[in-house]
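Here's the structure, in structure tokens; my notes come after.
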Amino acid sequence: MPSYGQPYWTRKTKPVARSARATVKPLKGDHTTDVVVIGGGLTGCATAYALAQAGLKVVLLEAETVASGATSRAMGTILPTPDVSYAVATKSAGTRPAKVFFTEVRRSAKDLVSVLKKLRISCELTPAELLINAPFTNDAALLKKEVAARKAAKLDATWVAQPTSQAALATETQGAMRLKECATMDPVKAARGFADAAIKKGVRIVEHARVKKTTFTRKTVTVVLDGATITSTGVVVATGEPGKVFHQLERHVRATRGYMVVTDPLPAAMRAAVGPRATLYTESTESPRWLRWLPDGRA
């Protein structure tokens, strides 16, 4: 039976005992720390671990429970490229900044995979490649220029000619750009794994801790909760959107809306009709669709 509005990853990933993970008691009184991380999704938990690994004292605050927000609705991919074309980045920021940006995004993706393996986080981590399809002739012309620009900058990109992309994608295509060093994973398991690793490094994770406001001086930031305050020298906002607490950041954010549909397990004939299961699919269009396969034959 179909279910609507229920995050797939949360339903799929069984709850686990949290004796070692989160402080379930409300935070009371005044506290001090080096850094406060606000948001307990994959980004927040990974950030908390990285900061603690660097020797900082960290408190992570999550309004609900770990990995219950945007992480539970994510597609579960690790991509070595930002959500903007290299041509657009060079035009708006310049060639050198764009190359640095793209290089660092790729390095960060590789580092994330490496750390997940090093920490032995069981999150169904699987290598993959990404094919960015050009459905129409004008899309192909632009995508070929993108591949050429990336190659000139010594960035990873390969043009896949129409016959090969047709065989790989089994859909309307005029060619595609192939990117390697991608991966898929269960984002909820990954976030919980980073949370557990952060706890071992001394991070204090507090669930059901909704931030009411923040105040800043030249040297410190004070995070205000119901019945508690935390003063630190830094704060990391790892929420899905700025929200009311950080409304001043909204002008720096480009908001988009997306929808994710998870199918029932598909028959073998249907799976064969849409290309290799190890390949991630998207399009070089204004509102691209994405396709990834899940381990149980769902798309």
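The values are calculated or read from the model by the stated rules, or taken from the named source; none is laboratory data. Note that this is a predicted model, so its numbers are computed, not measured. Ideal geometry is used to build each Cβ from the backbone, glycine not excepted, and the neighbour counts take in all protein chains shown. The area values use the complete protein model at the heavy-atom level, side chains included, leaving out ligands, DNA and RNA. Shrake-Rupley method; radii C 1.70, N 1.55, O 1.52, S 1.80 Å.
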- [ ] Considering only protein heavy atoms, with the full assembly of protein chains and a 1.4 angstrom probe, order 165, 85 by accessible area, largest first.
- [x] 85, 165
Open item on the list: Using the Karplus curve 6.51 cos²θ - 1.76 cosθ + 1.60 with θ = phi - 60°, what ³J(HN,Hα) values do you get for each residue of segment 116-128, in whole Hz, with x for Gly and Pro?
Closed with: 4, 5, 4, 7, 6, 7, 7, 9, 6, 5, 9, x, 7
Open item on the list: If you scale each eigenvalue of the Cα gyration tensor by 5 and take the root, what three semi-axes come out for segment 98-201, rounded to whole angstrom and sorted largest first?
Closed with: 33, 17, 9
TODO: Anything over 28 Å Cα to Cα? Flag those among 117/213; 91/118; 28/201, in the order listed.
DONE: 117/213; 91/118
Task: Helix-only [θ]222 nm of the chain, DSSP H runs n ≥ 4, -39500 (n - 2.57) each, per residue, nearest 500 - done: -9500 deg cm²/dmol
- [ ] Give me the distance in nm between label points sitting 7 Å out from Cα along the Cα-to-Cβ direction at residue 273 and residue 11, one decimal.
- [x] 2.3 nm
TODO: Counting only DSSP beta bridges with both residues in the chain, tell me the antiparallel percent, nearest 5.
DONE: 50 percent
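For residue 264 and residue 136 in the same chain, what is the full-extension length gain: residue separation times 0.36 nm, less their Cα-Cα distance, in nm?
43.1 nm
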Task: Å² of accessible area per residue within segment 6-150, as computed with a 1.4 Å probe and no ligands counted - done: 53 Å²
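Tell me, in nm to one decimal, what length is gained between residue 124 and residue 180 on full extension, where the rule is 0.36 nm per residue of separation less the Cα-Cα distance? Don't jump to the answer; show the numbers that get you there.
On the way: separation 56, 0.36 × 56 = 20.16 nm, distance 1.83 nm.
That works out to 18.3 nm of additional length.
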Task: Mean separation of Cα contacts under 8 Å, 6 or more apart, over the residue count of segment 172-263: relative contact order % - done: 13 percent
Open item on the list: With every protein chain left in place and a probe of 1.4 Å, what is the accessible surface of residue 232, to the nearest 10 Å²?
Closed with: 0 Å²
- [ ] Output the peptides 249-255, 277-283, 69-75, 112-118 sorted from most to least packed, where packing is the average of other Cβ atoms within 10 Å over each peptide's residues.
- [x] 69-75, 277-283, 112-118, 249-255
Open item on the list: With just the Cα atoms defining each centre, how far is segment 161-226 from segment 77-100? Give it in Å.
Closed with: 19 Å
Task: Relative contact order of the chain, pairs being alpha-carbon contacts under 8 Å that are 6 or more residues apart, as % - done: 29 percent
Open item on the list: Could you report the accessible area of residue 199 in Å², rounded to 10, computed with a 1.4 Å probe on the protein chains as they sit in the structure?
Closed with: 50 Å²
TODO: For segment 225-299, calculate the relative contact order in percent as a whole number, restricting contacts to Cα pairs under 8 Å that are 6 or more residues apart.
DONE: 24 percent
- [ ] Of the listed values (i) 1, 4, 9, 12, 12, 11, 10, 9, 8, 7, 6, 4, 3, 1, 1, 0, 0; (ii) 1, 5, 10, 13, 15, 15, 14, 11, 7, 5, 2, 1, 0, 0; (iii) 1, 5, 12, 17, 20, 18, 14, 8, 3, 1, 0, grab the one calculated as P(r) over Cα pairs in 5 Å bins from 0, in percent from the structure here.
- [x] (ii)
Task: Where trypsin sites (Lys or Arg not before Pro) fall in DSSP loop in segment 119-166, at most 16 other Cβ within 10 Å - done: 120, 154
